[in-house]
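Input: a single structure, listed below in structure tokens.
The values are calculated or read from the model by the stated rules, or taken from the named source; none is laboratory data. What you see is a predicted model; the values in this text were computed from it and never measured. We place every Cβ from the backbone using ideal geometry, glycine too, and count neighbours over all the protein chains shown.
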Amino acid sequence: MTTDGTEAGQAEIVELDADAYVTAIPGLAALLIDAVDGGASVNFLAGVTDEETRAWWTERIPQIADETITAFVARRPAPRADPDTGCIVGSTLLIRSRNPNARHRAEIAKVLVHRSARRRGLGRALMEAAEQRARADGRWLLMLDTQAGTAAEALYRSTGWQELGTMPNHSYRTDGVLTATTFFWKDLRD
Ligand SMILES: CC(C)(COP(=O)(O)OP(=O)(O)OC[C@H]1O[C@@H](n2cnc3c(N)ncnc32)[C@H](O)[C@@H]1OP(=O)(O)O)[C@@H](O)C(=O)NCCC(=O)NCCS
């Protein structure tokens, strides 16, 4: 568990077990909506609803339970909030390959930091938590992708990720315009 160490933030990075994950779904859904509202290309288009984002996180409960996926959140204590929910201001997922020929490989996804909490080191701290867990599990080869030319791309470049390449027209932006996606990889043995 780490904190971002800023007066405004004081968020801690927490690995969620299955029960905590279920409890966190409303906060994760709100976080995902905030990312889309901010223009991030993270599966959804502008106008995504709470129902749709809750469903996205809910669909992953079985994979959280069987530890295919490990979820990390950045959680800020909120005075009147349920202490188990807190105020979720960041997330990331470590998604392990289940293929017998890829036991060393995992993906990183849903690296999100709430707009109110950005540029305080939370994105970096979430990545470090996921990478630390991957290394401990023997998942030394990591992959991820993100919309080209974004803050996320800058984050990955600044944390030692290698660019594999950029694919034009890979995904729709939140405003419905096709845009490029950059693919990255990282070998944790390096
Ligand atoms: C990408 C994102 C997670 C970064 O979170 P964050 O907490 O603001 O990032 P950090 O404060 O840890 O930044 C770490 C480094 O990344 C880089 N970085 C982060 N945001 C940046 C920006 N807007 N512009 C340029 N570089 C940036 C910088 O090198 C930064 O280090 P510095 O602050 O010392 O200069 C956040 O902007 C976000 O949620 N974006 C929308 C969702 C998204 O696109 N996620 C990726 C999906 S794959």
Problem set entry | Residue that is farthest from the ligand (Cβ to nearest atom) [pool: residues in the range 129-169 that are of a type in the set (D, E), within 25 Å of R98 (Cβ to Cβ) and within 17 Å of the chain's Cα centre (by Cα)] | E131
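Out of everything in the range 83-123 that is away from the ligand (no atom under 16 Å from the Cβ) and of a type in the set (G, A, S), what residue ends up being modelled with the lowest pLDDT?
Residues of the range 83-123 that are away from the ligand (no atom under 16 Å from the Cβ), as a first pass: 83-86, 96-105.
From the residues that got through so far, the ones that are of a type in the set (G, A, S) too are 86, 97, 102.
Details: G86: 65, S97: 98, A102: 98.
By that ranking, first place goes to G86.
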Exercise. Inside the range 43-69, can you point out the residues that are closer than 27 Å to G138 by Cα and among the aliphatic types (A, V, I, L, M)?
Worked result: I61, I64, A65, I69
Problem set entry | D187 away from the ligand (no atom under 16 Å from the Cβ) and touching a Phe, Trp or Tyr at 6+ places or on another chain (Cβ under 8 Å) | yes
Exercise. Taking the stated definitions as given, is T146 of a type in the set (V, I, T) and touching a Leu at 6+ places or on another chain (Cβ under 8 Å)?
Worked result: no
For this session: Tell me which of these V89 doesn't satisfy, since it passes every other one: (1) at positive phi; (2) touching a His at 6+ places or on another chain (Cβ under 8 Å).
Result: (1)
Seminar exercise, completed: Of the residues in the range 46-77, those that are touching a residue at least 60 places away in the same chain (Cβ under 8 Å), loosely packed, with under 14 Cβ neighbours inside 10 Å and of a type in the set (A, V, I, L, M) come to A46
For this session: Could you grab me the full set of residues in the range 47-82 that are among the charged types (D, E, K, R), at pLDDT 95 or above, under 15 Å from L16 (Cα atoms) and not in a loop (DSSP other than H, G, I, E, B)?
Result: R75
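Kindly evaluate L126 against the criterion of being over 15 Å from the mean Cα position of the chain (by Cα) and either at pLDDT 95 or above or within 14 Å of the ligand (Cβ to nearest atom) (or both). Quick ask: steps written out before the conclusion?
Working: over 15 Å from the mean Cα position of the chain (by Cα): no; either at pLDDT 95 or above or within 14 Å of the ligand (Cβ to nearest atom) (or both): yes.
Taking the combined requirement at face value, the residue does not satisfy it.
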For this session: Quick one: in the range 28-46, of everything that is near the ligand (Cβ under 9 Å from one of its atoms) and part of a loop (DSSP other than H, G, I, E, B), which residue is nearest to A71 (Cα to Cα)?
Result: V42
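Before we move on, is T58 within 16 Å of the ligand (Cβ to nearest atom) and of a type in the set (V, I, T)? It would help to see each step written out before you state the result.
Details: within 16 Å of the ligand (Cβ to nearest atom): no; of a type in the set (V, I, T): yes.
Taking the combined requirement at face value, the residue does not satisfy it.
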